[in-house]
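Working notes, structure below.
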Amino acid sequence: MMIVGTPAESNQMSLALERQIFERRSNGEGLRASCTLITGFLGSGKTTLVRHILHHRAELRIAVLVNDYADLDIDSLLLDTHSVNAAFGLPSVSLVNGCACCKVSGKFKEAVDKVLRNKHNFDYLVIETSGLADPIKIAKDLRSMGVQLDMIVTVVDVEALEKVVSLPIALNQLRIADLVLVNKCDLATLGTISDVEDWIERETKGSKAVRCRFCRVPLDLVLNIVNLERKPSSSTASVKAFDGVLSHEAFSGSAYYKPSIYESSEPPNSGSSESKSLDMNCRIISEQGKDLPMSETHPMGSMSSLSFTSSVPLSLNKVQSIVTDQMFHSKGLIRAKGVLWLKENRHIRLILHWSGKKRSEATYNGQWECPPFNSIVFIGFNMNELESLQQAFADSQIDLHASISNPLSTKERCEANGFVDTIAADSRFKVLREASHSQGEDFTHDNRTCITFGLAGSPLQGISEADLNEALMHFVNGRGVIFLIAVTSSRQDHLLQLALDNTNNNSEDVWKELSMAAASVRTKFFKNTHRCRCDLKEHNH
Ligand SMILES: Nc1nc2c(ncn2[C@@H]2O[C@H](COP(=O)(O)OP(=O)(O)OP(=O)(O)O)[C@@H](O)[C@H]2O)c(=O)[nH]1
């Protein structure tokens with residue numbers, strides 16, 4: 001199967017989708033709130049999908065509700081749901097600390113109610129559940145509240161699925177899916193991808209599975225607009241029985257609709273060992289050691305969350321070593337995400353992610369438009385590990401009161417300069433900036449050399465620097481030796497940065513790692529391109 005969903009395809013799809021919604025509006029329809037429920041395990045790519053939908057929605061009025069597990073509303077921040085919803089006159093509802101794990105209640109219920117009261121203001125509702133939610137119960141509750149649940153999309157991290165399928169909640173998320181997005185295909189081999197597809201086919205009894213990367217799929221695959229203008233016909237009596245869920249039967253590929261699951265008040269396979277463990281009476285501990293408010297029992301057992309917030313910038317080399325040492329070697333850390341403010345790049349906001357099979361990234365998220373801050377959530381099984389991570393981030397704050405910065409020693413300076421020379425001399429790379437102590441970070445207490453660089457692309461061969469550098473970052477960070485951060489937008493060139501810290505790695509080791517990664521990434525990108533013959537001619541002359 002092909003990997004679907006280039007941006008061009010998505011744009012075409014959103015035009016078709018827009019036309020249908022327009023027809024629907026002019027027919028006076030739209031009295032019910034059509035909705036896609038997006039589910040999937042922690043870090044699988046749900047927010048990435050919502051961002052993709054919002055990015056390609058064109059004129060569609062899409063309202064978004066995001067329910068996060070932890071006590072910081074990171075997803076809403078990333079998606080800017082408050083302004084998206086405010087544009088439709090919808091209330092700005094914060095669902096902080098409101099994991100809708102097993103039912104729609106509390107703040108989440110309030111939010112759904114408010115959105116439903118305003119349903120004439122938008123065309124389509126997208127709800128992203130928390131990564132620990134049981135969508136079977138949530139789907140049932142939403143329907144009983146009057147939400148027209150058109151489609152349940154489950155996002156799967158193809159690389160990490162093996163690791164999470166032993167968890168009952170992850171299985172339930174899959175079994176209810178109308179559509180499974182087999183995401184992160186860029187990180188897995190073809191063999192792994194097809195094994196996962198076979199497994200999904202068996203477990204879901206035939207739900208449609210679509211391969212993708214960064215959830216880039218045509219919009220009408222995940223928003224059920226194909227049949228919005230079709231009236232229910234008398235021949236679809238069985239469909240009528242499911243109030244509001246009219247479109248699935250007529251959807252091309254009837255495997256999309258599994259009425260038995262929507263109808264059932266029990267999770268599928270109830271009575272099996274998996275669903276028994278769903279009822280485990282385990283408690284979640286929040287930062288204050290209290291149960292999270294929306295769930296007294298939780299299917300994930302002793303999963304805990306802790307957060308770190310601060311309004312003092314962090315040091316890049318300390319963050320680097322937290323990621324490569326503590327996070328990479330942790331046994332129970334499942335997910336971390338948040339916003340970073342680094343002293344080396346004080347004007348930009350970075351988004352930190354830790355997910356799946358020990359994958360980490362820190363990416364550019366624009367310039368600060370508010371007072372800068374750090375805000376990170378950690379989710380995992382081992383509270384001690386989470387606490388020491390929280391402490392490590394606290395220790396990586398710079399000392400604002402230190403008036404004199406420590407100068408680099410001669411050895412450090414030589415090593416740093418040597419590294420920059422090596423990377424600059426390699427034609428695969430370009431070094432863009434050397435930011436070091438000489439830039440006058442006079443409030444810093446630990447001074448290290450920070451290098452900004454990227455792989456050189458090849459416009460003639462259609463290989464963009466943004467793609468190359470994004471792949472380089474994923475490759476390098478996935479090995480856990482060094483941690484690269486992306487300090488420019490991927491739409492531009494995705495420049496990478498690293499702080500050379502010879503207390504952890506010497507520059508030779510760092511260069512070996514980078515060079516090997518560059519070779520691997522370039523082989524992948526350039527393997528189907530032909531070398532220009534000009535240089536051959538030159539050589540022959
Ligand atoms: N390499 C790669 N990374 C991806 C892909 N899709 C998403 N990611 C990354 O995976 C991480 C998690 O993505 P999110 O969209 O935040 O995942 P989520 O399911 O919303 O996470 P939770 O809400 O915490 O459960 C981020 O670092 C994304 O950039 C993909 O196709 N390939």
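The values are calculated or read from the model by the stated rules, or taken from the named source; none is laboratory data. No experiment lies behind these values; they were computed from the predicted model shown. Please note: Cβ atoms are built from the backbone with ideal geometry, for glycine as well, and neighbour counts cover all protein chains shown. For the accessible areas, the whole protein counts, side chains as well, though only heavy atoms, and no ligand, DNA or RNA atoms are used. Shrake-Rupley method; radii C 1.70, N 1.55, O 1.52, S 1.80 Å.
Observations on the model:
- Residue in segment 433-451 that is open to solvent by 30 Å² or more (accessible area, probe 1.4 Å), within 16 Å of the ligand (Cβ to nearest atom), modelled with pLDDT under 95 and not in a loop (DSSP other than H, G, I, E, B) present: no
- The residue that is nearest to I136 (Cα to Cα), among those in segment 39-66 that are near the ligand (Cβ under 8 Å from one of its atoms) and part of a loop (DSSP other than H, G, I, E, B), is F41.
- In segment 331-352, the residues that are assigned by TED's automatic domain parsing to the domain that holds I379 form Cβ pairs under 9 Å with partners that are of a type in the set (K, R), at six or more places apart or across chains, as follows: L333/K358; V339/R349; L340/R349; W341/R349; E344/R448; I351/K337; L352/K337.
- Of all residues in segment 137-169, those satisfying the criterion of being modelled with pLDDT under 90, open to solvent by less than 10 Å² (accessible area, probe 1.4 Å) and in contact with a Lys or Arg (Cβ under 9 Å, 6 or more places away or on another chain) are I138, V147, L149.
- Test: V156 is assigned by TED's automatic domain parsing to the domain that holds R216 and in contact with a strand residue (DSSP E or B) (Cβ under 6 Å, 6 or more places away or on another chain): yes
- Filter result (in a strand (DSSP E or B) and modelled with pLDDT of 95 or more) within segment 456-484: none
- The lone exception for K140 - which of (1) under 25 Å from I334 (Cα atoms); (2) of a type outside the set (A, V, I, L, M, F, W, C); (3) more than 21 Å from the chain's Cα centre (by Cα) it fails: (1)
- Test: residue in segment 165-172 that is away from the ligand (no atom under 14 Å from the Cβ) and of a type in the set (G, A, S): yes
- Taking the criterion of being of a type in the set (A, V, I, L, M) and either open to solvent by 50 Å² or more (accessible area, probe 1.4 Å) or at pLDDT 95 or above (or both), the residues of segment 393-412 that qualify are A394, L400, I404.
- Restricting L132, L181 to those that are open to solvent by less than 10 Å² (accessible area, probe 1.4 Å), within 11 Å of the ligand (Cβ to nearest atom), in a loop (DSSP other than H, G, I, E, B) and under 29 Å from R479 (Cβ atoms) reduces the list to L132.
- Among the residues here, E159 does not qualify as of a type outside the set (V, I, T) and farther than 18 Å from L42 by Cα.
- Within segment 205-220, the presence of at least one residue that is of a type outside the set (F, W, Y), within 14 Å of the ligand (Cβ to nearest atom) and open to solvent by 50 Å² or more (accessible area, probe 1.4 Å) is confirmed.
- Residues of segment 213-243 that turn out to be at pLDDT 80 or above and farther than 16 Å from M151 by Cβ, as a count: 3
- Single match in N365, N382 (criterion: open to solvent by 10 Å² or more (accessible area, probe 1.4 Å), over 20 Å from V481 (Cβ atoms) and within 16 Å of the ligand (Cβ to nearest atom)): N365
- Filter result for V158 (of a type in the set (A, V, I, L, M), within 16 Å of the ligand (Cβ to nearest atom) and closer than 30 Å to M473 by Cα): yes
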